Amino acid sequence: MDIEDRVRLSALLSEYGALLTEKQRKMLSDYVELDMSLFEIASERGVTRQAVLDAVRHGADSLQKYEDAVGKIALKDRFAEALNEAVAGDEALKGKLKKAFEVLEG
């Protein structure tokens, strides 16, 4: 998994992680955000590496399905792009809108 995949999965986990089972959420978080190996997670949880891989894959697939259905991350990306285009060249306004966007992200 490359860095772009990890960043994408981290964003999906942030937006939709509450919809996963606790086990999926924790394993996926350990794998993506803490950069733990499948073996490390399996050892910590007392399960097989395959069980961790299955949980990570299923969790990642579920997160992508949620994004496909809801589109919250895609909407945020389009919104940020539109804002950047709207304020191109106006650094003061860009700073204010950046702060407002950070509030939206929580």
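The values are calculated or read from the model by the stated rules, or taken from the named source; none is laboratory data. Since the structure is predicted, the reported quantities are computational estimates derived from the model, not experimental observations. Cβ coordinates were reconstructed from backbone atoms using ideal geometry, including for glycine residues, and neighbour counts include every protein chain displayed.
Against the conditions (1) touching a Ser or Thr at 6+ places or on another chain (Cβ under 8 Å); (2) small (Gly, Ala, Ser); (3) surrounded by fewer than 17 Cβ atoms within 10 Å (Cβ to Cβ), where does Ala74 fall short? Just the number, please.
(1)
Would you check which residues across the stretch 77-92 are at pLDDT 85 or above and either in contact with a helix residue (DSSP H, G or I) (Cβ under 9 Å, 6 or more places away or on another chain) or surrounded by 12 or more Cβ atoms within 10 Å (Cβ to Cβ) (or both) and list them?
Asp77
Taking Ile73 as meeting all but one of (1) of a type in the set (Val, Ile, Thr); (2) closer than 18 Å to Ile3 by Cα; (3) touching a Lys or Arg at 6+ places or on another chain (Cβ under 7 Å), write down the number of the exception.
(3)
So which residues in the stretch 11-21 are surrounded by 15 or more Cβ atoms within 10 Å (Cβ to Cβ) and assigned to a helix (DSSP H, G or I), if there are any at all? I'd like the intermediate steps shown before the answer.
Quick first cut of the stretch 11-21, residues surrounded by 15 or more Cβ atoms within 10 Å (Cβ to Cβ) only: 11-17, 20.
Passing the criteria: Ala11, Leu12, Leu13, Ser14, Glu15, Tyr16, Gly17.
What's the number of the only condition in (1) within 12 Å of the chain's Cα centre (by Cα); (2) outside any helix (DSSP H, G or I) that Met1 fails to meet?
(1)
Can you find a residue in the stretch 52-65 that is closer than 30 Å to Ala100 by Cα and outside any helix (DSSP H, G or I)?
Scanning the stretch 52-65, I find no residue that is closer than 30 Å to Ala100 by Cα and outside any helix (DSSP H, G or I), so the answer is no.
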